[in-house]
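Notes for the one structure printed next.
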Amino acid sequence: MTIKTLPMGSIGTNCYVVSDDAGNAAIIDCDGDPRPLFSYIAEKNLTPTHILLTHGHYDHIGAVEMVKEKYGCKVIAGKDEMQVLTDPAINCSLYCGGAITIIPDELASDGSTVIVGNMNFQVMFTPGHTEGSLCYILEDNIFSGDTLFQGSCGRTDLATGDWATILRSLKLLRDLPGDYTVYPGHGPATTLGIERRSNPYM
């Protein structure tokens, strides 16, 4: 398994390309100009089949339609995130370059599994940053979106955000057994062990 991080868009949102040894790939969140993403996929001869969304803010969905059109990917999002994905005022795209509406092909439930090639992404609902935010867990890796960052956590002052709710979600992550590498929506990767010890919000 290979994990490639591509900071994309106006605020450097992390787009992740996760691929197995056979070249099957999932794209986790994507914003901005997708040409660096296209170049990496072509260079590695990958076949993207899924776009996995951690939540619906504009900086995580801006390139979804272009990527889906190029590769025919299935778009997956949490079942509680439809309001954010479909309302440009709530996902902030209305105020940040142009209205975006995303209709997922499949809505994931807490505890469900998304299978991409020989990779099994487990869905963990972690609301708070938005009402339908989620994390994807793959082996000993967590793709945490804007729920958990190195030394910090996602903001809750935008529509559908809630401080008490994100604290409960951070506790769920903190209490997972064992350690994980955490790949957040912004900033550098970290580990759950480091965040348990040093992140004041956990």
Using a/c under 1.5 as the rounded threshold, could you call region 113-164 rounded, prolate or oblate? The axes a ≥ b ≥ c are square roots of the C-alpha gyration tensor eigenvalues, and prolate needs a/b larger than b/c, oblate otherwise. prolate
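Based solely on its DSSP helices, what 222 nm [θ] is calculated for the chain when runs of n ≥ 4 H residues each add -39,500 (n - 2.57) and the sum is averaged over all residues, nearest 500 deg cm²/dmol?
Numbers: 6 runs with 46 residues, N = 202.
Computed mean residue ellipticity for the chain: -6000 deg cm²/dmol.
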Taking a quarter of the surface of the convex hull around the Cα atoms of region 48-152, what do you get in nm²? 6.8
With viscosity set to 1.002 mPa s and temperature to 20 °C, compute the Stokes-Einstein D of the chain, Rh being the Kirkwood radius across alpha carbon pairs; µm²/s, no decimals. 129
Spatially near lysine pairs across the chain, Cα under 26 Å, sequence gap of 8 or more or different chains: 10
Please build a GNM for the chain, connecting alpha carbons under 10 Å apart, and tell me which residue among Pro188, Pro177, Pro127 fluctuates the most. Pro177
GluC sites (Glu not before Pro) within region 31-70: DSSP coil, no more than 10 neighbouring Cβ in 10 Å: none
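Set the Förster radius R0 to 30 Å, insert the Cβ-Cβ distance between Leu94 and Asp175 as r into 1/(1 + (r/R0)^6), and round the FRET efficiency to 0.05.
Details: r = 37 Å, r/R0 = 1.24.
So the FRET efficiency works out to roughly 0.20.
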May I ask you to compute the full-extension gain from Thr191 to Asn118, defined as 0.36 nm times their residue separation minus their alpha-carbon distance, rounded to one decimal in nm? 23.9 nm
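Every number here is computed from the coordinates shown, using simple stated rules; none is lab data. If you're wondering where the values come from, they're calculated on a predicted model, not measured in any experiment. Backbone-built Cβ (ideal geometry, glycine too); neighbour counts: all protein chains shown.
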